[in-house]
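Q: Input: one structure, supplied below.
The values are calculated or read from the model by the stated rules, or taken from the named source; none is laboratory data. For clarity, every value in this text was computed on a predicted model and none was experimentally measured. Cβ atoms come from the backbone with ideal geometry, glycine included; neighbour counts cover every protein chain shown. All accessible areas refer to the heavy atoms of the entire protein, side chains included, with ligands and DNA or RNA removed. Shrake-Rupley method; radii C 1.70, N 1.55, O 1.52, S 1.80 Å.
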Amino acid sequence: MNEVRLITIGEEIHGDNLRIARELRRNLNENATRMLNIMSSPGSGKTSLILKTIEALKDQTRICVVEADIDSKVDAEKAAAAGAAAVQLHTGGLCHVDAYMMEKTLSGIDLGAVDLLILENIGNLICPAQSDTGAELNIVILSVPEGDDKPLKYPLIFRTADLVIVNKIDYLQLGDFDSEKFRSRVAVLNPEVEIIELSCRTGQGVASWIDWLSRRLNLQPEGSLQQ
């Protein structure tokens, strides 16, 4: 038999992931649970932003955080200590979270008791952008020390973002990060996306993030944070 069969595994896996992601979104919607997928490089401030979000919303919003890591549960413990329900997801060495992993994770969560589900994805700017997790919103964080050229190097993650956050703006005077260049580079990839600049360390700009999130998800935060 001389016939050669071609089997495209990548397309098959990708298709299955999209199907599961659609089912997850339907399930989340039926339970009135809003899901965020937060992505960034290691050290950009994903956990810090999540803790600020819990602080601002925990009194009126039931929050569950899914912390994805190759190992360790330190970030899940921080989220729990801050007042949210927390689940640790170990990816077994994989560098991203996909819909299949989230399906398994959410099977153990009472979504009827969760208003806001926050996934802290694995820290890198490549793999997480390639897999639909079933989230309603994809949030990308870049920190000032990483440089303003990252949209040139990792375009997909910025192209698929619903919001881009520039964290650690308290470092702007210490380096050569050019905010205008960064904004123009993101605009080429994703013309409609909003960019919020903030510092989780000082609190500057965090209220803008809470306001954006509250408007998008129809949440009602109480009190105010430093602008």
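Q: Taking Lys150 as the residue in question, decide whether it is of a type outside the set (Asp, Glu), at pLDDT 95 or above and touching a Pro at 6+ places or on another chain (Cβ under 9 Å).
A: The answer is no for Lys150.
Q: OK, next. Test Ala68 against the criterion of being open to solvent by less than 50 Å² (accessible area, probe 1.4 Å), touching a Leu at 6+ places or on another chain (Cβ under 9 Å) and at pLDDT below 95, and give yes or no.
A: Yes.
Q: Against the condition surrounded by fewer than 18 Cβ atoms within 10 Å (Cβ to Cβ) and touching a helix residue (DSSP H, G or I) at 6+ places or on another chain (Cβ under 7 Å), how does Leu152 come out, does it pass?
A: Against the criterion (surrounded by fewer than 18 Cβ atoms within 10 Å (Cβ to Cβ) and touching a helix residue (DSSP H, G or I) at 6+ places or on another chain (Cβ under 7 Å)), Leu152 qualifies.
Q: So which residues in the stretch 154-196 are among the hydrophobic types (A, V, I, L, M, F, W, C) and part of a helix (DSSP H, G or I)?
A: Within the stretch 154-196, Leu156, Ile157, Phe158, Ile169, Leu172, Leu174, Phe182, Val186, Ala187, Val188, Leu189 meet the criteria.
Q: State all residues of the stretch 90-110 that are open to solvent by less than 40 Å² (accessible area, probe 1.4 Å) and modelled with pLDDT of 90 or more; if no residue qualifies, say none.
A: Val97, Asp98, Ala99, Met101, Met102, Thr105, Leu106, Ile109, listed by residue number.
This table checks each residue for (1) outside any loop (DSSP other than H, G, I, E, B); (2) within 11 Å of Ala68 (Cβ to Cβ).
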residue	(1), (2)
Met101	yes, yes
Lys104	yes, no
Ile122	no, yes
Leu125	no, no
Leu142	yes, no
Asp148	no, no
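Q: Applying the selection to the stretch 185-201, what residues are more than 16 Å from Val140 (Cβ to Cβ) and open to solvent by less than 60 Å² (accessible area, probe 1.4 Å)?
A: Ser199
Q: OK, next. Does Asp59 satisfy the criteria of being touching a Phe, Trp or Tyr at 6+ places or on another chain (Cβ under 7 Å), open to solvent by 20 Å² or more (accessible area, probe 1.4 Å) and not in a helix (DSSP H, G or I)?
A: So Asp59 does not fit the description; no.
Q: Continuing with this model, one more query. Search the stretch 25-41 for residues that are touching a residue at least 40 places away in the same chain (Cβ under 8 Å) and pair each with any residue that is of a type in the set (S, T, N, Q) and surrounded by fewer than 17 Cβ atoms within 10 Å (Cβ to Cβ) when their beta-carbon atoms are under 7 Å apart and the residues are at least 6 apart or on different chains.
A: Ser41/Asn124
Q: Let me ask something else. Here are the criteria: (1) under 21 Å from Arg34 (Cβ atoms); (2) surrounded by fewer than 18 Cβ atoms within 10 Å (Cβ to Cβ); (3) in contact (Cβ under 8 Å) with a residue 12 or more places away in the chain. Tell me which single one Ala76 does not satisfy.
A: Failing condition for Ala76: (2).
Q: If you go through the stretch 33-50, how many residues are closer than 19 Å to Asp71 by Cα, touching a helix residue (DSSP H, G or I) at 6+ places or on another chain (Cβ under 7 Å) and open to solvent by 10 Å² or more (accessible area, probe 1.4 Å)?
A: Residues meeting the conditions: 2.
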